[in-house]
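Encoded as structure tokens, the structure appears first; notes follow it.
The values are calculated or read from the model by the stated rules, or taken from the named source; none is laboratory data. If you're wondering where the values come from, they're calculated on a predicted model, not measured in any experiment. Here Cβ is always computed from backbone atoms with ideal geometry, including for glycine, and neighbour counts include all displayed protein chains. For accessibility, only protein heavy atoms count, side chains too; no ligands or nucleic acids. Shrake-Rupley method; radii C 1.70, N 1.55, O 1.52, S 1.80 Å.
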Amino acid sequence: QVQVVESGGGLVQPGGSLRLSCAVSGFTLDTYDIGWFRQAPGKEREGVSGIRSSDGRIYYADSVKGRFTISRDNAKNTVYLQMNSLKPEDTAVYYCAVDFRNRAIIWWNRYKYGYWGQGTQVTVSS
């Protein structure tokens, strides 16, 4: 019954912006940890950003610091990833991952998260 649905991907020119959304439903609590991951063809899935529910602490991969911003709207059970100054190397399928148990596991470890969305394609190309 738990659903995690990403949206907002698409084709964008280098230097452009996109905002990804992650809608979470089917869980009775409004607090949970979120991770954004991406996977490019032939590459391992890697952590992009995370937000911790207990204190709101935010994490970013070095490759996106200063360009991406994660935020959440608890009333809407939605988490956002604002992506600015996009580069061709940002091209990937982006996934939203949810940890309802708030496990004390490093944010970029994919095994922290029990539920994943289907992914949304982001393509940065001229």
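Counting protein heavy atoms only, the chain has 48 percent of its accessible area on carbon and sulfur, 1.4 angstrom probe. Basic side chains Lys and Arg get +1 at the Cβ, acidic Asp and Glu get -1 at the Cβ, and with that the dipole of the range 54-126 about its Cα centre reaches some 180 debye. A simple spin-label model places pseudo-atoms 7 Å from Cα toward Cβ; at residue 73 and residue 89 they are separated by 3.3 nm.
How high is the FRET efficiency from residue 103 to residue 123, r the C-beta distance, R0 25 Å, rounded to 0.05? Don't skip to the end; give the middle numbers.
Details: r = 32 Å, r/R0 = 1.29.
The formula returns an efficiency of 0.20 here.
In this rough spin-label picture, where each label sits 7 Å from Cα along the Cβ direction, the residue 58-residue 115 distance is 2.4 nm. Neighbours of residue 112, meaning other residues whose beta-carbon lies under 13 angstrom from its beta-carbon, give a summed charge of +3 when Lys and Arg score +1 and Asp and Glu score -1. Applying 0.36 nm per residue to the separation of residue 13 and residue 28 and subtracting their alpha-carbon distance, the gain on full extension is 1.5 nm.
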